[in-house]
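This report concerns only the one structure given below.
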Amino acid sequence: MRTLVIGDIHGGLRALHQIMERAKVTSKDRLIFLGDYVDGWSQSPQVIDFLIQLRTTNDCVFIRGNHDDLLLHWLKDNKDNLLWHKHGGESTVTAYESVNDERRQRHIEFLQSLEDYHLDDKMRLFIHAGFTNMNGVAYEYFPESFYWDRTLWETALALDKSIKPSDVLYPKRLTLYNEIYIGHTPVSRIGKTVPVQMACVWNVDTGAAFKGPLTIMDVNTKEFWQSEPLNTLYFDEKGRN
């Protein structure tokens, strides 16, 4: 059995199909999705349908992303957000015009079931964005940090590589877990299109919301598979570009 982690999908069902095929995913594989299933490309409702069905055949962990939380507020409470519309929400709102009430309710239930984080028995943390408490996720005062924080990744990026984990100056957050897998902040911001490791943090968001590919990675071997760039799969759409 493999444990496979999947980066931010952002409504790109075609890319999700590609990586499942390229990684030769079977029902024996455990799948950990890092969140942001929606917003960007036009198939957000279809992505959620696919994930709901996938849960019946595979051992799946679905982490909550900030975009998923924004969609939940819109679907459940009719809470609109102009900034959300400008950052991928507009395509999602348009896509849901053809979604009936029964299907919407299934999607609400799925979004409500998402986990803030997942910690496995090898002290590997899977989380959408990060956390701020120096003692770890169990002590977080601000749960929204789990899907909004960027300081964990920024700290890992800026870390002086000559500082050892045993040094008093080494960031404590980066000593708590053996590995941390995140999405949220595309590695395209540092000119990359493949998963990037900084300290113990692996960033698997390879920019699928924009012009990058979607990525699935084996957390044990670090082998990964990618889709075609999303802007080529949805050549007649803008995504979040």
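The values are calculated or read from the model by the stated rules, or taken from the named source; none is laboratory data. The structure displayed is predicted, hence computed values, not measured ones. Cβ placement follows ideal geometry from the backbone for every residue including glycine, while neighbour counts extend to all protein chains displayed. Keep in mind that these areas ignore ligands, DNA and RNA; they rest on the heavy atoms of the full protein, side chains included. Shrake-Rupley method; radii C 1.70, N 1.55, O 1.52, S 1.80 Å.
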Lysine pairs in the chain 8 or more apart or on different chains: how many have alpha carbons under 22 angstrom apart?
-> 17
Counting Lys +1, Arg +1, Asp -1, Glu -1, what net charge surrounds LEU157 among other residues with beta carbon under 12 Å of its beta carbon?
-> +2
Give me the net charge of GLN105's neighbourhood, meaning all other residues with Cβ under 15 Å from the Cβ of GLN105; Lys, Arg count +1, Asp, Glu -1.
-> -1
Stokes-Einstein, Kirkwood over Cα pairs, the chain, 37 °C, 0.692 mPa s; D in µm²/s equals 182 µm²/s
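For the range 190-241, what % of the accessible area comes from carbon and sulfur atoms, probe 1.4 Å? List each step's numbers first, then the result.
Numbers: 1210 of 2310 Å².
C and S fraction of accessible area: 52 percent.
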Can you tell which of PRO165, PRO229, PRO143 shows the greatest fluctuation in a Gaussian network model of the chain with Cα springs below 10 Å?
-> PRO165
Please calculate how many Å² of accessible area the range 106-191 carries per residue, with a 1.4 Å probe and no DNA, RNA or ligand atoms counted.
-> 53 Å²
Relative contact order (percent, whole number), the chain, Cα cutoff 8 Å, 6+ residue spacing = 24 percent
Hey, can you grab everything whose amide H is under 5 Å from the amide H of VAL61? Only 5+ residues off in sequence or another chain; H modelled, so Pro and N-termini drop out.
-> LEU31, ILE32, PHE33
What accessible surface, in Å², does a 1.4 Å probe find on THR206, ignoring ligands, DNA and RNA and rounding to the nearest 10?
-> 0 Å²
Ranked packing of 64-70, 54-60, most packed first, by mean Cβ within 10 Å = 64-70, 54-60
Do the sum for the chain: with -39,500 (n - 2.57) for every DSSP H run of n ≥ 4, divided by all residues, what is the mean residue ellipticity at 222 nm, to the nearest 500 deg cm²/dmol?
-> -7500 deg cm²/dmol
Expected max-MSF residue from GLN53, GLN197, GLN18 in the GNM of the chain (alpha carbon, under 10 Å) is GLN53
Amide H neighbours of MET198 at under 5 Å, excluding residues fewer than 5 places away on the same chain, with H built from the backbone geometry, are ASN203
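Using a 1.4 Å probe on the protein heavy atoms, what percent of the accessible area of the range 48-187 belongs to carbon and sulfur?
52 percent
Compute the relative contact order of the range 89-203 as a whole-number percentage, counting only Cα pairs closer than 8 Å that sit 6 or more residues apart in sequence.
On the way: 139 pairs, mean separation 27.8, N = 115.
Value for the range 89-203: 24 percent.
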